[in-house]
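Here the structure is laid out as structure tokens; the discussion comes afterwards.
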Amino acid sequence: HVPDDTRLAEEVYRVLKPGGVVFFSGPNWLFPVELHYNLPFIHWLPVPLANAALRLLRRGDRYYERSRSMWGLRSLWKRFEIQDVTLEVLDSQLAASTHGAARLGRRLPSWVWRGALPLFPNFNWLLWKRD
């Protein structure tokens with residue numbers, strides 16, 4: 001939840017010691033539902049239209065969130081070594097859940113999850129600052 005993700009990436013790089021690690025979790029622009037507002041497609045609209053939609057739906061005055069695709073996020077964090085732990089996080093959530101969808105998810109082969117990764121709602125990464 002930051003207004004300028006480029007500035008955030010620069011600041012994380014500045015304050016982190018060489019060899020240090022930070023956990024990053026961020027939304028995926030390609031996922032069709034914007035999860036902060038639980039609205040489909042609002043993040044794909046030009047900002048003035050997203051602002052108008054939020055006002056019309058009485059969800060706020062201004063669309064604040066900005067998200068990137070997996071490739072856009074990789075570019076943002078290019079100064080770091082990225083360890084993607086998204087599937088490990090998902091696996092732990094599926095293992096802990098008793099929901100029917102989780103049982104189905106546990107049965108899917110890992111190659112299905114890896115192939116779907118660019119469309120996940122969220123990415124979870126460890127960012128290592130190179131020495």
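The values are calculated or read from the model by the stated rules, or taken from the named source; none is laboratory data. Treat the numbers as computed from the prediction; the structure is a model and nothing was measured. Note that we place each Cβ from the backbone using ideal geometry, even for glycine, and neighbour counts take in every protein chain shown. These accessible areas exclude ligands, DNA and RNA; they are computed on the full protein's heavy atoms, side chains included. Shrake-Rupley method; radii C 1.70, N 1.55, O 1.52, S 1.80 Å.
How would 4, 84, 91, 131 rank on accessible area, largest to smallest, probe 1.4 Å? Each step should come with its number before you reach the end.
Details: 4 75, 84 45, 91 100, 131 160 Å².
Largest accessible area first, the residues go 131, 91, 4, 84.
What the chain shows is 67 Å² of accessible area per residue, with the surface traced by a 1.4 Å probe over protein heavy atoms.
Computed over protein heavy atoms with a 1.4 angstrom probe, the accessible surface ordering of 6, 98, largest first, is 98, 6. Residue 114 contributes an accessible area of around 140 Å² to the protein surface, as traced by a 1.4 Å probe with all chains present.
If you place +1 on the Cβ of every Lys and Arg and -1 on the Cβ of every Asp and Glu, how big does the dipole about the Cα centre of the range 1-81 come out, in debye to the nearest 20? Before the final figure, lay out each step's value.
Details: 12 positive and 8 negative charges, 8 e Å.
It works out to roughly 40 debye.
Figure note: 43, 36, 1 ranked by solvent-accessible area, largest first, 1.4 Å probe, ligands and nucleic acids not counted: 1, 36, 43. Inter-part distance, the range 103-130 to the range 19-84, computed on C-alpha centroids, equals 18 Å. For the range 11-99, chymotrypsin sites (Phe, Trp or Tyr not before Pro) meeting the loop criterion (DSSP other than H, G, I, E, B) and having at most 11 other Cβ atoms within 10 Å: 41. Counting only protein heavy atoms and using a 1.4 Å probe, the accessible area of residue 92 comes to about 70 Å².
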